[in-house]
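Asker: Submitted below is the structure of interest, expressed as C-alpha cells.
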Amino acid sequence: MNGLAYTFSGLSAGYNGTPVLRDLSGVVRPGLLTALIGPNGGGKSTFLRALSGLLPFRGTLRLGERDLSRVSRREMGRLVGVVPQQVRMGAPFTVHEAVALGRLPHQGLTTRRSEEDEERVLRAVARSDVEHLLLRPVTRLSGGETQRVMLATVLAQDPPVMLLDEPVSAQDPLRTARVLSLLRDLAAEGRTVVAALHDVNLAVAFADAFLAMKDGRVAFAAPISELDGEVLGELYDAPFEAYLSERGDRTWHVRA
Amino acid sequence: MKGTAAIREHERLIHRRALRLALAGLCVLALVVFLRLTRGDWTIAPGRVFELLSPFLNEVERRTPEAIVVRSVRLPRLLAALGTGGLLCVAGVVLQGLLVNPLAEPYTLGIAAGAAFGGALGLMASSLLVGPCAFIGALVALVAVQTVAWRAGGGRERLILAGIIVSAFLSAGVTFLKAIAGERLSAIVLWLMGSFAGASPGAALAVWATSVCTVVPAWLLGRRLDAVSLGEERGALLGVDERRLRGLLLCLVSLGTAATVGSFGIIGFVGLVVPHLLRLAIGPSHRPLLLFAFLGGACLTAIADGAAQSIGELPVGVLTSMIGGPFFCWLLLRRGAE
C-alpha cells in the first residue's frame, strides 16, 4: 500500500467565520504513524477535519500531487478513512452491516458486494477486535466498542490515508496498546496514519513522528525521538519531568 | 469461520422474515384489491367486475353504468389510494434516513404544509390550479426550510426545526386563507381533510408516475442512504456527496408529496407508522425497506380509504391521522425513554 503525503502551506480554517487554524505549513509523510499532540483547543480536531476534506479552508492543502479541494467526495472515500472523535450512531445496523458500508466508496450504484469485499470486512473486524460483536446493533455498543467498530469500517475502506481523532480515548489499557500497535503496523505497510493523542507517553511509545499544535498553529513537527521535556514544557506551558521505569523506558509527567 | 457462519445464519433469518412479510403483504394487497373493486354502494358480482376490467371490453359494454362504476370510479380510487400510500411511505423512509430521525415525515419538514398552502391558494382561484400551486408551494417551502436551516448553521436537527417553523407559518397562512375564502371555504376544508372519493384516472396515473420517479432513484441510492443514516457526516466520510444526495432526494420527495397533496389533500402520518414497524422486522437497510414501505403504505392507505368510505365517506386523512397521531406520540415517548 502506497500512502500519500499531505503538504500544506498558509492553511487557515475555522467555523462560522472564527479562525481556528492559522497559517499552517508543513508535511505529513506516508509510511509513518504521526501523533498529533497539543493542549485542548489547540486545533487538532479542526486540522484533522480539514485533512479529511470536511472543512473549507484557505491556503494550499495537497494530498499527494492533488489539490484537496478538487478531490471529489467519492474519491476522498477511497483515499482517506476517518475515525471521528465522537460518534453517535444513528440507524441500528449490525456491526457487520456497518463495517461492510466501508466498502461503499469502491462500489457503484448497481454493484453487488463481492466475495473479496466480504473477506476484507471480516479481516477488518478481526484486526479491530470486534469479531465477537458482529451481529450486535451499533446503537448498543459501549464507547470503546464504537471506536473499534469505526476503526474496522476504516480498515474495510482500505484507504492509503487514515486519520484518527483520539482513537483510544475510550479503550482499556490492553486495547489501547492493541489499537496503537495496529496503527503502527498500518503505517509500516506504507499508509499515512495520523492519530490525535492526548497521552504523550503513548505517542512516544508508538508513534514515529509528532506534529504538535498550539493556538491553531504547528508548534513543532519532528521525529518522535525529539519529543522531550523542553518541547512538552513549551507546548503545554507546564514543567515536564521524565521518569525511568525498571526496564529503562522513559515516561513524561507534569511536575506537580 | 464462526463469524461467517453467524452472519450467514443472520442473513438467512432476515431473508426468511422478508419473504414471509412479502407474501403476507401481497396476500393483503390481493385481498384489498378484491374487496375495494367488488364492494360498494352498487352490488356487482365479483366475476362481472373482473370481466368489466378486461382491456378487451367492447365499446358498448364500456358505456354501461356498471362498467363506468368499476372502470372510472372504483379502479382509479383504488389505484390513487395505493399509489399515494406507497409514495408517502417511501417519502417517510427517505426523510427518516436522510435526517437520521424516525420522526421525520413530509409534514415534519414543512413540505406538506407548503403544498397545502399552495393548493389552497390555487383553489381560491380555480380547482384546476390546485395541483400546480401545491407543487410550487411544496418547492417554495422546501427552499425556505433549507435556507433557514443553512442560515442557522446547517445540520439535520436545524433542518427539522426549520421545517417546524415553516410549517407553523404556512399553517397560519392556510387558516388565513380559510378565513377569507368566503363561499370557497367548504371546498378548501374538504380538500385539506384528504379524500380519494372522486379520484380521476389521470390523477391516479400521475401519482403512480411520480411514485416510479421517486422509488427507483431512492432504491438505487439506497446504500448511500444507509451510510448517511449511520449518523452525522458518516455518509460524507464513506464517499457520499451528502449535499447532492440530500438535494436530489428532498426534491423527489417534495414532488411526490405535492402530487399527492395536490390531488387528494393532506393524508398524514402514513410515512411514520409503516416504516417504523418494518424496521423492527427487517432491519434498517434501505433497499428492502423502500420496497416493503411502498407495499405496506399502499395497503394501509387503501384499507383506511375502504374504512373511511364505509363510515359514510369520512375523509381518509382524518382516519390516518387518528391512527398515526397516537403512534407518533408513542414513538416520541419511546425515543425519549431510549
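Taken together, the values in this text are just the output of simple stated rules run on the coordinates, not laboratory data. Remember, it's a predicted structure, so these values are computed and weren't measured experimentally. Counting neighbours? That spans all protein chains shown, and the Cβs are built from the backbone with ideal geometry, glycine included.
Asker: Please report B:Thr38, A:Thr34 as a ranked list, fewest other C-beta atoms within 10 angstrom at the top and most at the bottom.
Answerer: B:Thr38, A:Thr34
Asker: Once the Cβ-Cβ distance between A:Ala221 and B:Ile165 is put in as r, and R0 is 60 Å, what FRET efficiency do you end up with, to the nearest 0.05?
Answerer: Working from the Cβ atoms, E equals 0.80.
Asker: What's the local net charge at A:Val83, with K and R +1, D and E -1, over the other residues with C-beta under 10 Å away?
Answerer: Here the charged neighbours net out to -1.
Asker: If I histogram all Cα-Cα distances within chain A using bins 5 Å wide from 0, what percent of pairs lands in each bin?
Answerer: Taking every Cα pair in chain A, the percentages come to 1, 6, 13, 17, 19, 16, 13, 8, 5, 1, 0, 0, 0.
Asker: At q = 0.13 Å⁻¹, what is the base-10 log of I(q)/I(0) for chain B according to the Debye formula with one equal point scatterer per Cα and no solvent? Please give it to two decimals.
Answerer: Log10 of I(q)/I(0), two decimals: -0.99.
Asker: Please work out the ratio of the alpha-carbon Rg of the protein assembly as shown to 2.2 N^0.38 Å and round it to two decimals.
Answerer: 1.16
Asker: If amide hydrogens are placed 1.01 Å from N in the peptide plane, which non-local residues have theirs closer than 5 Å to the one on A:Phe220?
Answerer: A:Ala212
Asker: Which value, in debye to the nearest 20, gives the size of the charge dipole of the protein assembly as shown about its Cα centre, when Lys and Arg are +1 and Asp and Glu are -1 at the Cβ?
Answerer: Rounded to the nearest 20 debye, it is 1220 debye.
Asker: Using just the Cα positions, wrap the stretch B:7-115 in a convex hull and report its mean projected area in square nanometres, one decimal place.
Answerer: Result: 10.9 nm².
Asker: Count the DSSP beta bridges whose two residues both fall in the protein assembly as shown, then state the antiparallel fraction as a percent rounded to the nearest 5.
Answerer: 60 percent
Asker: Turning to a different aspect of this structure: Let me check against my output: what whole-number percent is the relative contact order of chain B, with C-alpha pairs under 8 Å and at least 6 apart?
Answerer: Worked out over chain B, it gives 27 percent.
Asker: Let me ask something else. Which translational diffusion coefficient, to the nearest whole µm²/s, is obtained for the stretch B:106-169 from the Stokes-Einstein equation, given a Kirkwood hydrodynamic radius over C-alpha pairs, 37 °C and 0.692 mPa s?
Answerer: 286 µm²/s
Asker: Stokes-Einstein at 20 °C, 1.002 mPa s, Kirkwood radius from Cα pairs: D for the stretch A:2-63 in µm² s⁻¹?
Answerer: Stokes-Einstein gives a translational diffusion coefficient of 177 µm²/s.
Asker: Return the tail of the calculated pair distribution for the stretch A:15-120, meaning the percent of Cα-Cα pairs more than 20 Å apart.
Answerer: 54 percent
Asker: Something else: Under the rule of at least 5 residues apart or a separate chain, name every residue whose amide H is placed under 5 Å from the amide H of B:Phe196.
Answerer: Answer set, sorted by chain and number: B:Val316.
Asker: Note down the net charge around B:Val253, summing +1 for each Lys or Arg and -1 for each Asp or Glu among other residues with Cβ under 12 Å from its Cβ.
Answerer: 0
Asker: Something else about it: Treat the count of other C-beta atoms within 10 Å as a stand-in for reagent exposure and order B:Leu161, A:Leu183, B:Leu87 from fewest to most.
Answerer: Ranking B:Leu161, A:Leu183, B:Leu87 by Cβ neighbours within 10 Å, fewest first, gives B:Leu161, A:Leu183, B:Leu87.
Asker: When the dipole is taken about the Cα centre of chain B, and only Lys, Arg (+1) and Asp, Glu (-1) are charged at their Cβ, what size is it in debye, to the nearest 20?
Answerer: Using only the charged Cβ atoms, the result is roughly 700 debye.
Asker: Which is farthest toward the positive dipole end of the stretch B:82-337 among B:Leu98, B:Phe264, B:Val130, measuring Cα position about the Cα centre, with Cβ charges +1 (Lys, Arg) and -1 (Asp, Glu)?
Answerer: Farthest along the dipole direction, towards plus: B:Leu98.
Asker: So what's the net charge close to B:Leu79: Lys and Arg +1, Asp and Glu -1, counting the other residues with Cβ under 12 Å from its Cβ?
Answerer: So the surrounding residues net to +3.
Asker: Obtain the nm distance between the two label points defined at B:Val212 and A:Arg74 by a simple spin-label model: each point lies 7 Å from its Cα along the Cα-to-C-beta direction.
Answerer: A separation of 2.6 nm, rounded to one decimal place.
Asker: Another question, if that's okay. What list do you get for A:Asp117, B:Asp305, B:Asp41, B:Asp226 if you sort them by fewest beta carbons within 10 Å?
Answerer: B:Asp41, A:Asp117, B:Asp226, B:Asp305
Asker: Assuming R0 = 45 Å, can you tell me the calculated FRET efficiency for the pair A:Tyr243 and B:Ala6, based on Cβ-Cβ distance, to the nearest 0.05?
Answerer: Calculated value: 0.45.
Asker: Within 10 Å of each Cβ in peptide A:67-80, how many partner chain Cβ atoms are there on average? Round it to a whole number, please.
Answerer: 3
Asker: Using R₀ = 45 Å, calculate the FRET efficiency as 1/(1 + (r/R₀)^6) where r is the Cβ-Cβ separation of B:Thr64 and B:Arg244; round to 0.05.
Answerer: E(calc), rounded to 0.05, equals 0.30.
Asker: Which distance in Å, rounded to a whole number, links the C-alpha centroids of the stretch B:139-197 and the stretch B:1-63?
Answerer: 35 Å
Asker: Then there is this: Over the Cα atoms of the stretch A:72-130, how large are the radius of gyration and the largest Cα-Cα distance (Dmax), in Å?
Answerer: For the stretch A:72-130, the Cα radius of gyration and maximum Cα-Cα distance read 12.3, 32 Å.
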